[in-house]
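K.L.:
My questions all concern the structure below.
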Amino acid sequence: MCLGIPGEVVEILPDRPDLARVHVSGVRRAINIGLLSNDPPVPGDWVLIHVGFALSKIDEQEAAAVLRYLEELGSAYTDEMDALSQSMIE
């Protein structure tokens, strides 16, 4: 199953404008935001992430609802977090 995980953008990497550091369920990771070049996220924005790529921007309420839902899924959520952990972009 492929899931998107919400993450909050905390910074755009100054030397790599296609990368952002995000806070995802207690973990800070660099992700690729290149797919959102038409409406790039800024710090404080929430994005939906799959395997290290931001797929879309979402609002904070939607992010919270998605996180609650994913946590209820159990292993599917854990599998997606493992995939995110293995998608080292830095």
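K.L.:
Once you put a point 7 Å from the Cα of E71 and another 7 Å from the Cα of V27, both along the Cβ direction, what distance in nm separates them?
P.N.:
Each label point lies 7 Å from its Cα, and together they span 1.7 nm.
K.L.:
Continuing with the same structure: Carbon and sulfur: what percent of the chain's accessible surface (1.4 Å probe)? Provide the component values of the computation, followed by the final result.
P.N.:
Numbers: 2710 of 5150 Å².
It is 53 percent, rounded to a whole number.
K.L.:
On to the next question. Just name one of L70, P41, G4: the one whose Cα is farthest towards the positive end of the charge dipole of the chain (beta-carbon charges, Lys/Arg +1, Asp/Glu -1).
P.N.:
The one lying farthest along the dipole's positive direction is P41.
K.L.:
Right, another one. Could you give the size of the charge dipole of the chain about its Cα centre, using +1 on the Cβ of each K and R and -1 on the Cβ of each D and E, expressed in debye and rounded to the nearest 20?
P.N.:
160 debye
K.L.:
Mind pulling up the Rg/Rh value for the chain? Radius of gyration and Kirkwood radius, both on Cα. Present the calculation step by step, with values, prior to reporting the outcome.
P.N.:
On the way: Rg = 12.1 Å, Rh = 12.8 Å.
That ratio equals 0.94.
K.L.:
How many Å² of accessible area per residue for the chain, probe 1.4 Å? Show your work: numbers first, answer last.
P.N.:
Working: 5150 Å² over 90 residues.
On a per-residue basis, 57 Å².
The values are calculated or read from the model by the stated rules, or taken from the named source; none is laboratory data. As the structure is a prediction and not an experimental result, all values here were calculated from the model. Ideal geometry is used to build each Cβ from the backbone, glycine not excepted, and the neighbour counts take in all protein chains shown. Heavy atoms of the whole protein, side chains included, go into the accessibility calculation; ligands, DNA and RNA do not. Shrake-Rupley method; radii C 1.70, N 1.55, O 1.52, S 1.80 Å.
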